[in-house]
C-alpha cells in the first residue's frame, strides 16, 4: 500500500477510500495534495480488485477548497495562472476519470474546490447539517475544475447559475432536495449511510460497472443518435464478456453466479 503525506489511501475488500488529510487547513487543496490524489486515482484505475472509490475528508470537514497561501503568489505573478488552473483540473478530474464509480462522502464544510470534487464524483452522500456551496463568488473567484458544466448537467441551468453566481452556502438537506445528493445522512450518521449505499456497487462486477459508467458519461456530451450508438456498442461489448456469460448461465441453471475476479480487459474501453 502506498504511503502519502496529504491523503490517506486505504483499501478494504473492493472499496478504496481516499481521505483528504490536511485537517488543520480544512483539507484545503495544496499542490502536493492534488498530485497525490492524481496518483491515488491511477492506483484505483489499475487495481482490478477495486470496484468503487470513496473520497472523504479528515477532521471537521470535507474540503474548503484551494490552499490560498499557494494561490496568492501565483495570482500576483500571473504567468503561471493557467498552469495552476490545469493542475487543479487534472487533480480533481482524475476522480471522474478513474474508470470506477466514485462517491463523495461529505460532512462539515464542502466549499469551492471541495464542491468541485463533489461535482466530479459519480455519487454524493452528505449529512443533513453539512455546509455545501461553490463559494468562489464570495471572493470574486469562480470554479475552474469542471464544476460549472457538471453542475449544469446535474441540476439544470437556472439553479446552477444561482448557486455559482451567489456563492451561498446550503445545508445538506437543501442540496439533497436540489438533486445533487444520492443519499442524505442524519447528523453524525455518515458512515452508516455510506455503508448502506456501498453494496449497490460492490455486489456488481467491475466489467459491468465500467461499461455503464462509460456509456452514461458519453451520453452527457453526445446527440441522441450518437449516445444510442455508444450505448449499443457498450452493451454488445458487455454481453460478450465472461461476466455476462456466467450470469446468464447461472440464471438458466438456477445457481449463484461465480464471477471471476477483476476486469475483463479484452472487452473494456481504452479509456479504462
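The values are calculated or read from the model by the stated rules, or taken from the named source; none is laboratory data. Every value quoted in this text rests on a predicted model; they were computed, and no experiment measured them. No Cβ is skipped: glycine too gets one built from the backbone with ideal geometry, and neighbour counts run over all protein chains shown.
Of all the residues that make up the stretch 10-35, how many are under 20 Å from residue 106 (Cα atoms) and more than 15 Å from the chain's Cα centre (by Cα)? So that I can check it myself, show each step before the final result.
Quick first cut of the stretch 10-35, residues under 20 Å from residue 106 (Cα atoms) only: 10-12, 15-30, 33-34.
Adding the requirement that they be more than 15 Å from the chain's Cα centre (by Cα) leaves 10-12, 21-30, 33.
The total comes to 14.
Being under 15 Å from residue 134 (Cβ atoms) and over 18 Å from the mean Cα position of the chain (by Cα) is a property that residue 162 has. Candidates in the stretch 236-265 are the residues that are closer than 16 Å to residue 214 by Cα and at pLDDT 80 or above; of these, the one that is surrounded by the fewest Cβ atoms within 10 Å (Cβ to Cβ) is 236. Residues of the stretch 11-57 that are within 24 Å of residue 86 (Cβ to Cβ) and free of Cβ contacts under 8 Å to residues at least 12 places away in the same chain: 46 alone.
Of everything in the stretch 9-26, what is in a strand (DSSP E or B) and surrounded by fewer than 17 Cβ atoms within 10 Å (Cβ to Cβ)? Give them in sequence order.
Step one: filter the stretch 9-26 for residues in a strand (DSSP E or B), giving 9-12, 15-20.
Within the stretch 9-26, 10, 11, 12 qualify.
Tallying residues that are in contact with a helix residue (DSSP H, G or I) (Cβ under 7 Å, 6 or more places away or on another chain) and assigned to a helix (DSSP H, G or I) within the stretch 164-197 yields 3.
So which residues in the stretch 198-211 are touching a residue at least 24 places away in the same chain (Cβ under 8 Å) and in a helix (DSSP H, G or I), if there are any at all? Residues satisfying the conditions are 201, 202, 206, 207, 208, 209, 210, 211. When you look at residue 215, is it part of a helix (DSSP H, G or I), at pLDDT 80 or above and closer than 25 Å to residue 123 by Cα, yes or no? Spelling it out, residue 215 is indeed part of a helix (DSSP H, G or I), at pLDDT 80 or above and closer than 25 Å to residue 123 by Cα.
Does residue 167 satisfy the condition of being at pLDDT below 95 and on the phi > 0 side of the Ramachandran plot? Yes. With respect to the conditions (1) in contact (Cβ under 8 Å) with a residue 40 or more places away in the chain; (2) surrounded by 13 or more Cβ atoms within 10 Å (Cβ to Cβ), residue 60 falls short on a single one, namely (2).
Just checking, does the stretch 223-239 include any residue being under 30 Å from residue 127 (Cα atoms) and either without any contact (Cβ under 8 Å) to a residue 60 or more places away in the chain or assigned to a helix (DSSP H, G or I) (or both)? No. One residue stands out in the stretch 110-159 among those that are within 16 Å of residue 67 (Cβ to Cβ) and out of contact with any helix residue (DSSP H, G or I) (no Cβ under 8 Å at 6 or more places or on another chain): the one that is surrounded by the fewest Cβ atoms within 10 Å (Cβ to Cβ), namely 139. Each residue in the stretch 140-163 was checked for being without any contact (Cβ under 8 Å) to a residue 12 or more places away in the chain and farther than 22 Å from residue 219 by Cα, and 3 pass.
When the strands (runs of 3 or more DSSP E) confined to the stretch 27-135 are screened for residues that are modelled with pLDDT under 95 and not assigned by TED's automatic domain parsing to the domain that holds residue 146, none reaches at least 3 such residues.
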